[in-house]
Each structure stands twice: as C-alpha cells, then as structure tokens.
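Novice: Mind looking over this structure? Questions follow.
The values are calculated or read from the model by the stated rules, or taken from the named source; none is laboratory data. Treat the numbers as computed from the prediction; the structure is a model and nothing was measured. Using ideal geometry, Cβ is built from the backbone for each residue, glycine included, and neighbour counts are taken over all protein chains shown.
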Amino acid sequence: MDKFQFVEGAWEKLSCAEVNHNEYALSLRIWPWHESLHETIQAHLQPAQVLAYALASSADKANATELFLALDATSIERAMKTLQSSLLAAFSQQPLNYALMPLAERNTRPRLMVFDMDSTLIQMECIDEIARQVGCYEQVSEITEAAMRGELDFSQSLRRRVTLLNGLAEADFLKLTQQLPLTDGVLSVVEWARQNDCRIAVVSGGFVPFVEHLKQQLGLDFAFANQLEVTAERLTGEVLGEIVDGAKKREILIRLREQLGLSAAQVWAVGDGANDLLMLGEAGLGVAFDAKPKVRAEAFAVIDQADLSELLNLL
C-alpha cells in the first residue's frame, strides 16, 4: 500500500511508520482504475486540502482502487463536499464509478436500499410512454426531462403532464405495466439483498400500478408512488392525494429507516433525477445512477453507466 503526502508542491512517498491510520477520515473507491488516473487524483486532491492518502488496489474483477484520505477540515461533511467538487472536475470527462464515504462507515453493509423507478430500476419514463398513447409524447417528454434536470418544480410539472393524459382508457394505461424494461443488473442486486437480510423499496414519482407490478415481479419489500384518478374507466387528468416529490421521497426513506430500526449508515438510496436528491442526501450512501448533471454534482457516489450490477462493487 503506497502512502503519500503533499510537501512543498510535490507528493512524497511515506514509509508505513510515518502514517497514522487513525488520521484517515474518508474512503474513496474508484473503478475501473487505470494508472493514468494517479496523476489526475494527485492534481485534484491538494486543492481539496487532502493531507495524506493511502492507495490500495484490489484484485477483483472490477479493477477497483481505494484511497484512504486525511483532510484538513472542521467536519466530515464539509470535507466530503469539498472533495466531491474536486472529484467532479477530475472525473467529468471519464466513464468512472466512485464512492466517497466516511471511513467509519466503509464496512457497513446496507439493510435497506431505496430505489427510484424510472430510469433506475427500469429503463423507461412511464409517464412519457403513457403520453405516447394519447399523442402528446414529445410535449410530456420535454417537461419530464426538464424536471429531472431540476429546472422545474416536480409537483407542478407532474400535474401539468397528467392533465394531458385526460381521457385515456385505463385498460390502455395498464397494458404498459406489462412492458417494463428492467435495467441491467437489477436481478443481481435483488438476489444479493435476499441473501444478506437487506430490504428493497421502490419510491417513485411515477404511478402505483407500475411500482406494484415491479414489486410483485421482483419480490420487493415496499413500493410507493402516485395514484392517478380514474372515472368511468378513463383517466381524468388528476392525481389523487399527496404527490411523491423529492420531499416525500425523503420522508418515506426516514419512515422506513425508523420502522426497521436502522442507522443512517445502513440505508442506501439510488436515483437519477433532481427529485431524488433529498432522498440521496438523507441516506448513508446516496448513489447517482446514470444520472443528470445536477445529481452527479451533489451525490457522493456515482455509477456512470446504466448497469445496477456496478452497485455490487460497493458491497
């Protein structure tokens, strides 16, 4: 394990005796690793006030490297935010996965994983496909994309989109629940959860029939989403009850965590859109999955491609 410290503008290698492992505050796992990243890492660690780091390469198939970091900061949270900004700049043009977490939580496995649905567990935006049935796909899709980028209030944008679905036959809407394209790696994650006493929840800004179908199909533990109003077997263009927006997703995560008696570190959350940010921020580890730029910029873990099996490299 190589150890370095930044001295007078250069990184110097230290002997094992010169580094106190108790000083390391953060763990940073990066995969797939290649040697050219070493120079990139060094260039971005020093501005983030990293005092020292230890580098440990793994022999696993992910070809991962883990860095143990000691930062000059008044709090772990401030240190992580400072370093995240540097990492975003370092990795923005490279197809890399990484996770930054307090060293004390590095070996804590999740007992609850909370997933967004659209473009996370499935490779589809359900409301866009419903809109295709009534001939307003492009209009709805444009609003969806803006909302996921964080440019529109989610609740307001959802009501705007649902209004355009007025009159669609419920039967046509429900047919789409049979056509959900699962994201690569979903089955591997579900199997890991079953074998490791970990619950899985899907918390979606989409609609109840879709999450319920997914819950049954995958054997998930919890499912939450919005309820569309139906009258005379047709959508009315209205949403019933409280909308599952970003704040509601966070609230549901907290409720499940307390219900199961878990610590924050035992809860992971995974999502791709701006309406997932509050949920990701509340979790012990929040993962931006094939996510919008705003989400990547704020999450402490990033999976670059749409393959959930990459999540297993953190387990």
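Novice: Taking the range 42-94 on its own, how many of its residues are outside any helix (DSSP H, G or I) and either on the phi < 0 side of the Ramachandran plot or modelled with pLDDT of 75 or more (or both)?
Specialist: 32
So that you can scan it fast, the table gives a plain yes or no per residue for (1) farther than 20 Å from Val189 by Cβ; (2) buried (at least 20 other Cβ atoms within 10 Å of the Cβ):
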site	(1), (2)
Ala225	no, yes
Gly241	yes, no
Val287	no, yes
Phe300	no, yes
Asp304	no, no
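The rows are residues; the columns are (1) surrounded by fewer than 18 Cβ atoms within 10 Å (Cβ to Cβ); (2) aliphatic (A, V, I, L, M); (3) closer than 22 Å to Gln178 by Cα.
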| residue | (1), (2), (3) |
| --- | --- |
| Leu214 | no, yes, yes |
| Glu238 | yes, no, no |
| Lys248 | no, no, no |
| Gln259 | yes, no, no |
| Glu310 | no, no, no |
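Novice: Return only the number of the condition from (1) surrounded by 14 or more Cβ atoms within 10 Å (Cβ to Cβ); (2) on the phi < 0 side of the Ramachandran plot that Glu151 does not satisfy.
Specialist: The failed condition is (1).
Novice: Within the range 111-128, restricting attention to residues that are under 14 Å from the mean Cα position of the chain (by Cα) and in a loop (DSSP other than H, G, I, E, B), which residue is surrounded by the fewest Cβ atoms within 10 Å (Cβ to Cβ)?
Specialist: In this case the residue turns out to be Ser119.
Novice: On the basis of being more than 20 Å from Val162 (Cβ to Cβ) and touching a residue at least 40 places away in the same chain (Cβ under 8 Å), does Gly237 make the cut? Walk me through it before giving the result.
Specialist: Details: more than 20 Å from Val162 (Cβ to Cβ): no; touching a residue at least 40 places away in the same chain (Cβ under 8 Å): yes.
No.
Novice: Looking at the structure I just gave you, is Gly167 surrounded by fewer than 17 Cβ atoms within 10 Å (Cβ to Cβ) and free of Cβ contacts under 8 Å to residues at least 24 places away in the same chain?
Specialist: no
Novice: Let me ask you something else. Taking the condition buried (at least 21 other Cβ atoms within 10 Å of the Cβ), of a type in the set (Val, Ile, Thr) and in contact (Cβ under 8 Å) with a residue 12 or more places away in the chain, does Val208 pass?
Specialist: No, not satisfied.
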